[in-house]
Amino acid sequence: MPTLAVLASVLDLKLRGDPTREIYSLGPLGSAGPEQLSFLSEKRHLSKLTETKAGAIILHPEWLDNWSGCALLSESPYLAYARATRIFDNHPAPAASIHERAVVADDVSLGNGVTIDAGACIESGVVLGDNVWIGAGAYVGHSARIGNGSVLRTGVVICHAVRIGSRCTIHPNATIGSDGFGFALGPNGWERIGQLASVVIGDEVEIGANTTVDRGALEDTIIEDGVIIDNLVQVAHGVRIGTRTAIAAQVGIAGGTQIGADCQIAGQAGVAGHVKLA
């Protein structure tokens with residue numbers, strides 16, 4: 001287990017207290033024990049410091065007088081906490097192998113260190129970069145491309161010709177590249193419009209569970225670098241989402257809409273078709 005000295009070095013934070021104290025995990029301020037690291041990110045919660053039993057706390061230097069124990073000092077405690085979660089990550093590690101019950105077409109291009117778990121299906125023409133991890137039961141359609149270090153969790157569906165950049169994470173049961181909702185009303189009812197474009201996703205994008213991103217009709221649906229999308233979001237055909245934009249759960253974005261960089265869209269918001277957000 002890392003000591004506080006090691007944590008301070010890795011997180012590039014100043015330490016007050018015993019550098020040899022070992023920290024076994026992270027914990028919430030209200031229930032953390034003496035072998036856990038916690039954090040305080042808002043001044044209005046300073047009173048909680050008198051009750052916590054945490055072994056060390058990440059907090060702002062200006063709040064140090066309110067805490068007598070070990071502390072890691074950060075101008076942005078919540079960001080420091082986010083970085084600390086990577087040190088104590090408890091997710092299973094990839095196997096760097098192909099499970100015997102995975103189905104992989106003969107012409108798939110596999111990078112180094114690729115993991116393909118049981119029940120996954122990888123169709124013809126797919127290109128998987130180095131250290132890609134395809135979770136159990138996931139599907140990757142014909143000629144899709146997935147960049148280095150990207151992870152598809154259990155049950156993800158990537159339809160044909162979709163392009164996903166490097167270091168992306170797509171959470172369980174998301175569907176990327178399904179047909180957009182395109183129909184024309186004719187004399188005998190609705191006639192389907194073929195969705196002939198695809199989905200292009202940049203680097204370091206995170207897409208939540210059960211989210212759907214539809215392929216474009218004539219222009220690709222594009223999600224730029226660094227975008228984060230929560231669970232149960234619908235992104236329709238031909239939408240473009242600018243870099244670093246954050247979208248919370250149950251948002252619906254209609255076709256052809258353009259969303260700029262660094263936008264934040266709150267839960268259950270709806271955006272009509274062909275709108276432009278700055």
**Message:** Regarding region 224-237, can at least one residue be identified that is under 21 Å from I122 (Cα atoms), open to solvent by 50 Å² or more (accessible area, probe 1.4 Å), out of contact with any His (no Cβ under 7 Å at 6 or more places or on another chain) and assigned to a loop (DSSP other than H, G, I, E, B)?
**Reply:** no
**Asked** Considering only region 205-223, how many residues are in contact with a strand residue (DSSP E or B) (Cβ under 7 Å, 6 or more places away or on another chain) and either basic (K, R) or part of a loop (DSSP other than H, G, I, E, B) (or both)?
**Response** 5
**Request:** Residues being closer than 15 Å to T221 by Cβ and either open to solvent by 20 Å² or more (accessible area, probe 1.4 Å) or within 16 Å of the chain's Cα centre (by Cα) (or both): count how many of those fall in region 257-270.
**Result:** 1
**Per-region count, region 109-120, residues open to solvent by less than 40 Å² (accessible area, probe 1.4 Å) and assigned to a strand (DSSP E or B)** = 2
**Prompt:** Residue check, G27 against (1) in contact with a Cys (Cβ under 9 Å, 6 or more places away or on another chain); (2) under 30 Å from W133 (Cβ atoms); (3) crowded, with 17+ Cβ neighbours inside 10 Å, all met but one. Which one?
**Reply:** (1)
**Cross-chain or 6+ apart pairs with Cβ under 8 Å, region 5-16 first and touching a residue at least 24 places away in the same chain (Cβ under 8 Å), then open to solvent by 60 Å² or more (accessible area, probe 1.4 Å) and among the basic types (K, R)** = A8/K14; L11/R83
**Request:** Quick one: which residue in A136, A105, A118 is among the small types (G, A, S), touching a strand residue (DSSP E or B) at 6+ places or on another chain (Cβ under 7 Å) and farther than 30 Å from A71 by Cα?
**Result:** A105
**Message:** Residue pairs, Cβ under 8 Å, 6 or more apart or interchain, first in region 50-76 and touching a residue at least 40 places away in the same chain (Cβ under 8 Å) and under 17 Å from G33 (Cα atoms), second surrounded by fewer than 16 Cβ atoms within 10 Å (Cβ to Cβ) and of a type in the set (K, R). List them.
**Reply:** L72/K14
**Message:** Any residue at all in region 99-108 that's surrounded by 21 or more Cβ atoms within 10 Å (Cβ to Cβ) and either in contact (Cβ under 8 Å) with a residue 60 or more places away in the chain or of a type outside the set (D, E) (or both)?
**Reply:** no
**Request:** Could you tell me whether region 37-56 includes any residue that is of a type in the set (D, E, K, R), open to solvent by 80 Å² or more (accessible area, probe 1.4 Å) and in a loop (DSSP other than H, G, I, E, B)?
**Result:** yes
**Request:** Taking P34 as meeting all but one of (1) assigned to a loop (DSSP other than H, G, I, E, B); (2) open to solvent by less than 50 Å² (accessible area, probe 1.4 Å), write down the number of the exception.
**Result:** (2)
**Asked** Between residues in region 129-153 that are at positive phi and residues that are modelled with pLDDT under 95 and not in a loop (DSSP other than H, G, I, E, B), which pairs lie under 7 Å by C-beta distance while being six or more apart or on different chains?
**Response** none
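This table checks each residue for (1) open to solvent by less than 10 Å² (accessible area, probe 1.4 Å); (2) farther than 13 Å from H237 by Cβ; (3) among the basic types (K, R).
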{"residue": "G147", "(1), (2), (3)": "no, yes, no"}
{"residue": "S166", "(1), (2), (3)": "no, yes, no"}
{"residue": "T169", "(1), (2), (3)": "no, yes, no"}
{"residue": "G177", "(1), (2), (3)": "yes, no, no"}
{"residue": "F183", "(1), (2), (3)": "no, no, no"}
{"residue": "P187", "(1), (2), (3)": "no, yes, no"}
{"residue": "E191", "(1), (2), (3)": "no, yes, no"}
{"residue": "D203", "(1), (2), (3)": "no, yes, no"}
**Request:** Within region 58-73, identify whether any single residue is open to solvent by less than 50 Å² (accessible area, probe 1.4 Å), assigned to a loop (DSSP other than H, G, I, E, B), at pLDDT 95 or above and of a type in the set (A, V, I, L, M), and answer yes or no.
**Result:** no
**Complete:** For region 1-21, the count of residues that are open to solvent by 20 Å² or more (accessible area, probe 1.4 Å), touching an Asp or Glu at 6+ places or on another chain (Cβ under 7 Å) and outside any loop (DSSP other than H, G, I, E, B) equals 1
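The values are calculated or read from the model by the stated rules, or taken from the named source; none is laboratory data. Note that this is a predicted model, so its numbers are computed, not measured. Positions of Cβ are generated from backbone atoms using ideal geometry, with glycine treated the same way; all protein chains shown enter the neighbour counts. Note: accessible area is taken over every heavy atom of the protein model, side chains too, but ligands, DNA and RNA are not part of it. Shrake-Rupley method; radii C 1.70, N 1.55, O 1.52, S 1.80 Å.
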